[in-house]
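The values are calculated or read from the model by the stated rules, or taken from the named source; none is laboratory data. Treat the numbers as computed from the prediction; the structure is a model and nothing was measured. In this analysis, Cβ positions are derived from the backbone assuming ideal geometry, glycine residues included, and neighbour counts consider all displayed protein chains.
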Amino acid sequence: MTDFLKMHGLGNDFIIFDWRDGGPATVSEAAARALADRRTGIGCDQILVIRPSDRADIRMDILNHDGSPSGACGNGTRCVADLVMESGMGPGTDRPLTIETDGADLRAWRAGADISVDMGPVATGWADVPLAHAADTLAVPLGIDGLGDAVCHSLGNPHAVVFVEDAEAVDLPRLGPLAETSPLFPDRVNLSVVSRMDDGSFRMRVWERGVGITMACGSGACAVGVAVARRGLAGDANRIVMDGGAVTIDWDRKTTHVTMTGPVAYVCEGSLSAGLAGLLEAGDVRP
């Protein structure tokens, strides 16, 4: 049997495998899809695998609901950081936990009852997103009826942020897939629609590539916070409100690093059935 743990950050939920002491070397797309299925598997938005790292305290592999790899997952990073620090196998409280990912090496630390994560530098060049052609990333025409120009940048994965009058009124189930698979984004894209709230916070709804609509998206919230600052709509520290709750995003213009602070929650732990564990053992594609 293979042990797992399930956590969520503001409703963005994860299956987590802690394989620091050994485990299957690979996870196939088929295994990831089976585990993530909410009817016949455990159900999740993403699968996170904790492994040893040669250059950081741990490595974290990230797979989307459809089995595709992801370079960043802010809510998942907070969950994994809390899990490792709670287990006593991470660094002491005197320094942050360092986490190797495909997108960047991240730092996480406790901030009272919450977890803060330095999600690394934000890349704002059109080729960094990447876009299919040169464009001003502060105002990228999407060419999709119902969506205006987007602010685009990369946090290890591509993001498009569209400011609207009322985020609640946007037909995200229709527009999300059109943006994700647009030829403008060769690596697909995460789409966030955003409107300003009366209290100065920003309301965000998100369509995640390879997943769909989620209750929260950590890297998406970071993208929104940076987009707010780049457009001059507010300062460099902002409260971003998602379906599952709120995080605080703080962008350092000098270093271009963005920090996210928010809560995590534990759901359950258990062991996979022989059938699901067998899918993991049969996998031959490293995430």
Select from the stretch 8-26 the residues that are within 19 Å of the chain's Cα centre (by Cα) and either assigned to a strand (DSSP E or B) or not small (Gly, Ala, Ser) (or both) and list them in ascending order. His8, Gly9, Leu10, Asn12, Asp13, Phe14, Ile15, Ile16, Phe17, Asp18
Out of Glu165, Glu180, sole residue that is at pLDDT 95 or above, surrounded by 15 or more Cβ atoms within 10 Å (Cβ to Cβ), at negative phi and not assigned by TED's automatic domain parsing to the domain that holds Ala108: Glu180
Scan the stretch 192-229 for residues that are among the polar types (S, T, N, Q) and farther than 20 Å from Leu142 by Cα and report the count. 3
Single residue of Ala56, Ala30 found to be touching a residue at least 24 places away in the same chain (Cβ under 8 Å), in a helix (DSSP H, G or I) and either assigned by TED's automatic domain parsing to the domain that holds Arg78 or surrounded by fewer than 24 Cβ atoms within 10 Å (Cβ to Cβ) (or both): Ala30
The stretch 146-253: strands (runs of 3 or more DSSP E) wholly inside it with 2 or more residues that are more than 20 Å from Ser68 (Cβ to Cβ) and within 12 Å of the chain's Cα centre (by Cα) are none
Note on the stretch 43-53: residues assigned to a loop (DSSP other than H, G, I, E, B) and free of Cβ contacts under 8 Å to residues at least 40 places away in the same chain are Gly43, Cys44, Pro52
Condition first: touching a Gly at 6+ places or on another chain (Cβ under 6 Å) and more than 19 Å from Ile115 (Cβ to Cβ). Now tell me which residues in the stretch 18-51 satisfy that. Thr26, Val27, Ser28, Glu29, Ala31, Ala32, Arg33, Ala34, Leu35
When residues of the stretch 97-119 are limited to those that are surrounded by fewer than 21 Cβ atoms within 10 Å (Cβ to Cβ) and part of a loop (DSSP other than H, G, I, E, B), the one nearest to the chain's Cα centre (by Cα): Gly103
